[in-house]
Amino acid sequence: MKPFKDFVQNTKDDTVYILVSIIIITISSLCKSVIGNKLSRIIILLGVFLLGYSLTLYLKHIKSFHFKFLRNLIKLNKQHSILKIKLQNFRSYKEIELDFTSDHVVLYGPNGSGKTNFLEAISLLLPGRGLRSSKKEHFPLIEFSTKKQNNDWAIHYILKRGNKTNEISTGIKTSINNINSSRIYKVDGSILKSKEMSQLVSLNWLTPTMHNIITGSETLRRNFFDRMISALDPHHKTRINKLEKLSRERMKLIEKNLGDESWFSILEKEISQLSIAIIVERQNFTSKLDFFTANPKSSFLNSVRISWSGIIEEWLQNKPAIDVEEKMANHLKNLRLERRFSSFGPSSSVLKMWYGSSHISSEFCSTGQQKSILVSIVLAYSKLLTEKKEFPPILLLDEASAHLDEDHFKALFNESLETSSQIWMTGTDKNIFKRLGYSEKIQYFVINDSNITQPVDL
C-alpha cells in the first residue's frame with residue numbers, strides 16, 4: 001500500500017505539468033491566426049519540451065513504483081521471523097510463552113531484568129554457544145527421550161520461513177549416567193543435525209560485550225571474523241581446525257626430535273596450502289564486507305574500511321597463491337632447521353579497521369566511533385547473509401543504543417530495516433524506541449524480574 005501512496009504523491013506535479021503542456025499546445029494551435037505562425041510554433045515547441053520532460057519524470061516514477069512493489073513482494077515471500085517462543089527453566093525464566101505478531105520486537109526494562117537472557121534463548125536457535133558463548137554445563141539438563149521433565153530446560157519456537165512454519169525445540173540431551181551430554185534439535189518432531197539446523201535458520205547479533213572485538217586482542221578479531229566466514233562457508237572452519245591439528249603435530253615432532261625430512265616436508269606443504277586458503281578466504285570475505293561498510297546508506301553512519309595485513313598477505317600482493325604456498329613451505333622449513341618458532345601464518349594476521357572519511361584507525365577512535373565500526377560490520381554481515389542464504393537473518397540488537405546518540409540509533413534501525421530482517425531490540429530507555437517513528441511495525445514488551453508484559457501505551 002505504501003509504494004502506491006508514494007507513487008500518487010510523487011506523480012502529482014508530473015500530472016499537472018502534463019496537463020499544462022497539453023493545454024499550451026492545444027491553445028497555441030487553435031490561436032495560430034491570432035498570435036501568428038512564428039510565435040505559435042515557438043510556444044508549441046516549448047509545450048512539447050515540457051510534455052516530454054513531464055512524461056520522462058512520470059515514467060521514472062512508474063518504474064520506481066514497480067521496483068518498490070516487487071521489492072516488498074519479495075520481502076513478504078522471504079519473511080524469516082519467530083512467531084512464538086516458550087521457555088522452560090531457562091536462565092531466569094521458570095516458564096513463559098509469548099506470541100509475536102509484528103515485524104520487529106522491542107524488549108525494554110531495567111538492567112538485570114532478563115532482557116539478555118531472552119535474546120540468548122533466541123540465539124540458541126543456531127548450533128553453538130549462543131550470544132553469550134555459554135558452555136553446555138552452564139545449563140540444566142534435558143532428556144527428550146524420557147518421561148522425566150522436572151528441572152529440565154528447553155526452548156520451543158514457532159519459526160516462519162516464507163509461507164512455511166516450523167516447530168523447533170532445543171535443549172541438552174544427556175545419557176543415563178549423566179556423563180555425556182549434547183545439544184539436540186527437534187524440528188516438527190524429527191531430530192536434526194547441527195549442520196541441517198544451520199541451513200534452516202539464519203541469525204546475527206550485536207551485544208555490548210562485542211565491543212571487545214574492537215578494543216581487545218588480535219585473536220578476538222581473527223576469531224570473530226572466522227566465525228562469520230564459517231557461517232557462510234563451513235569449509236573455512238574445517239580448514240582452521242585441520243591447520244591447528246597439523247601445526248600441533250609438527251611442533252611435537254620438532255620438540256621431541258622425531259620425524260624425518262620427508263614427513264616434515266609433507267606436513268609443511270599441507271600446512272602452507274591450508275594457511276593460504278584461509279588467508280585468501282579472509283581477504284575475499286573482507287572485500288565483500290568492505291563494499292557495504294565503505295558505502296553506508298545512512299548519512300549518520302560513517303564509512304568503515306577493513307583490511308588484513310601480515311607477511312603472507314604481503315606475499316600474496318605480488319605472487320599467485322600457488323607460488324606463495326611454496327614460499328611459505330620453504331620458510332617453515334628454514335624456521336624448523338634454525339629452531340625458531342615465531343608465530344607465522346593465519347595466526348599472526350592483523351585485522352585493521354578505519355573510521356570515517358578521515359580514516360581514523362580503530363585504536364584511536366572514541367567509544368562511540370568504535371561502536372559505529374562494530375555496528376557497520378554487523379549490518380554489512382547481515383546483508384551478506386541475506387545474499388548468500390534463502391532468507392535474511394533474524395537480527396538481535398542487545399542494548400544497541402549504548403554509546404550511540406539518538407540520531408545514530410535511528411540510523412542503525414533504518415539500515416537494519418534494509419536487511420529485511422526481523423529485528424529484536426533491547427534497552428532501558430523506552431523513550432528512544434518511542435521516537436523511532438515505526439510504532440505500527442514494532443511490538444513492545446516490558447520486562448521486570450523476568451516477567452514479560454505488553455504495555456497498554458508506550
By residue number, the members of segment 260-302 that are among the small types (Gly, Ala, Ser) and crowded, with 16+ Cβ neighbours inside 10 Å are 272, 275, 277, 298
The residue that is farthest from the chain's Cα centre (by Cα), considering only those in segment 296-350 that are in a strand (DSSP E or B) and among the aliphatic types (A, V, I, L, M), is 350
- Consider residue 411 carefully, then state whether it is of a type outside the set (Val, Ile, Thr), farther than 18 Å from residue 109 by Cβ, at pLDDT 85 or above and surrounded by 13 or more Cβ atoms within 10 Å (Cβ to Cβ). no
From the option list 238, 215, single residue qualifying as over 16 Å from the mean Cα position of the chain (by Cα) and closer than 29 Å to residue 80 by Cα is 238
Exercise. For residue 347, indicate whether it is surrounded by fewer than 17 Cβ atoms within 10 Å (Cβ to Cβ), under 22 Å from residue 214 (Cα atoms) and not β-branched (Val, Ile, Thr).
Key: yes
Among strands (runs of 3 or more DSSP E) entirely inside segment 351-458, those with 1 or more residues being in contact (Cβ under 8 Å) with a residue 60 or more places away in the chain, more than 20 Å from the chain's Cα centre (by Cα) and outside the structural domain of residue 214 (by TED's automatic domain parsing) are 442-448, 451-453
Note on segment 389-403: residues over 19 Å from residue 117 (Cβ atoms) and modelled with pLDDT of 80 or more are 392, 393
Residue set 163, 212; condition free of Cβ contacts under 8 Å to residues at least 12 places away in the same chain and either surrounded by fewer than 18 Cβ atoms within 10 Å (Cβ to Cβ) or more than 30 Å from residue 305 (Cβ to Cβ) (or both); output residue 212
Only one of (1) farther than 25 Å from residue 209 by Cβ; (2) more than 15 Å from the chain's Cα centre (by Cα) does not apply to residue 288, and that is (2)
Screening 91, 71 for residues that are at pLDDT 70 or above and basic (Lys, Arg) leaves only 91
Quick check: anything in segment 232-240 under 30 Å from residue 158 (Cα atoms) and in contact with a Phe, Trp or Tyr (Cβ under 9 Å, 6 or more places away or on another chain)?
yes
Filter segment 77-121 for residues that are among the hydroxyl-bearing types (Ser, Thr, Tyr) and touching a Gly at 6+ places or on another chain (Cβ under 9 Å); the one that is surrounded by the fewest Cβ atoms within 10 Å (Cβ to Cβ) is 92
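The values are calculated or read from the model by the stated rules, or taken from the named source; none is laboratory data. The model shown is predicted, which means the values in this text are computed figures rather than measured ones. Cβ: placed from backbone, ideal geometry, glycine included. Neighbour counts: every protein chain shown.
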